[in-house]
Amino acid sequence: MTADGSYQPPASPAEAAGDTRPFAFSAHPAPAPLDACGFDGLAIPHGTKVYAAGAYSGRKLAFQIDDSGHEATLMEVAVNQPQAPVILMLGAYEPTVWSIGWSQGTTLVAVFVSGYHKQVVTGLPATVPVLVSTYDNRGSCGSNYVSPERAERLNPMARRLFGQPVDMLHPARDGKVVVGDALSPGTQLQTRRDAPGVESFRLPDSQLAGPAALQHAVAQGVLRPATLADVQAWNTGMAAQRAQQDIPPIAGGAPPAQRGLPHNGYVVLKPFRFPAGLYGANSATFYVPKGVPNPTGTPGHSTVYDFNTLQCSGVGCRRD
């Protein structure tokens, strides 16, 4: 305490003795303030149409574009509105590459993209401004994706950014969407000549994702498809384990641990890391023989039967 009553930090013996070292600390970036949400100096021509387009995800790409562990998807957007300038509001939940093309006479004014995971845009003219705001990048405009079920979020954002509501919401299907007028037979579309290709956004050294990754592992001899013999081997092992436990006999015999081939079953032959995207219908079942290490990484909704320990881990174990 100093004479005027203010706090005076004490001298640190540790600092004096040189007993400290730098403390590495990487804090998550703070979300940008929402009042920063907007395009700088954007001039919107009279009569401009605002179109929203998107879905939860596009067509799967079998690789990753970010560190979310989710398989990237592709959205192909064809813009056809020669009668008025166009602003696009695009959005997907999954990490997505947006590939943009447009018809002759169509003029693009600006593109706003939102989502949960990473969103990237390719194909636009270099003069078209793009604003990307996602949960992962702590964007100044928050996060959202475009779908009929979330339509109530679109007009407030459109008015905030462009001073007018959305003229039409176009839901994407199977990773494709036509924005504006329907495409007549023979309509020619164009995109930027030197636009980065979809593959250019692939995360360096990222493995394939989902079913494509499993098929690749089979081709490389890391996995093989499971057979009924593998199921029977597990049942035999579990029966032997049960015989050693203090469990009374069951009339008619104990039910087998498994019946029939499991969904998407594989036997692990070599060290293996779970790929991204093993969720829902893309989940798998893995048998790990004795002497083979347990797979590493995130199994998603998959199930692992480990012959080394006769332990089951994962979603499917609840049914055993």
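Throughout, read-outs are computed from the coordinates displayed, never taken from laboratory work. Since the model is a prediction, treat every value here as computed from it, not as a measurement. Every residue, glycine as well, gets a Cβ built from its backbone with ideal geometry; the counts of neighbours run over all protein chains shown.
Can you give the Rg to Rh ratio of the range 34-201, both from alpha-carbon atoms, with Rh computed by the Kirkwood formula?
Details: Rg = 14.8 Å, Rh = 15.8 Å.
Reported Rg/Rh (Cα atoms, Kirkwood Rh): 0.93.
Full extension from Val218 to Asp67: what is 0.36 nm times the residue separation minus their Cα-Cα distance, to one decimal in nm?
Values: separation 151, 0.36 × 151 = 54.36 nm, distance 2.46 nm.
Extra length available between Val218 and Asp67 comes to 51.9 nm.
Can you sort Met75, Met168 so the residue with the fewest Cβ neighbours within 10 Å comes first?
Numbers: Met75 26, Met168 12.
Result, fewest neighbours first: Met168, Met75.
Given a Förster radius of 35 Å and the C-beta distance between Gln241 and Glu149 as r, what FRET efficiency does 1/(1 + (r/R0)^6) yield to the nearest 0.05?
0.15
Cross-link partners among lysines for Lys176, C-alpha distance below 27 Å, same-chain residues fewer than 8 apart left out?
Answer for Lys176, where 27 Å is the Cα cut-off: Lys49, Lys60, Lys118, listed by chain and number.
Can you compute the modelled spin-label distance between Thr298 and His263, with each label point 7 Å from Cα toward Cβ, in nm?
With each label placed 7 Å out from Cα toward Cβ, I get 1.9 nm.
Can you return the lysines within cross-link range of Lys290? Criterion is Cα-Cα under 19 Å, with same-chain partners fewer than 8 residues away left out.
Lys270
What spacing in nm lies between the two simple spin-label points modelled at Arg59 and Gln164, each 7 Å away from Cα in the Cβ direction?
Here the modelled spin labels are 3.2 nm apart.
Taking neighbour Cβ counts within 10 Å as the exposure measure, how do Trp234, Trp102 sort from fewest upward?
Details: Trp234 22, Trp102 25.
Lowest count first: Trp234, Trp102.
What's the FRET efficiency of Ile44 with Thr227 using the Cβ-Cβ distance as r and R₀ = 51 Å, to the nearest 0.05?
0.20
Calculate the FRET efficiency for Ala182 and Thr122 from the Cβ-Cβ distance with a Förster distance of 22 Å, rounded to the nearest 0.05.
Working from the Cβ atoms, E equals 0.35.
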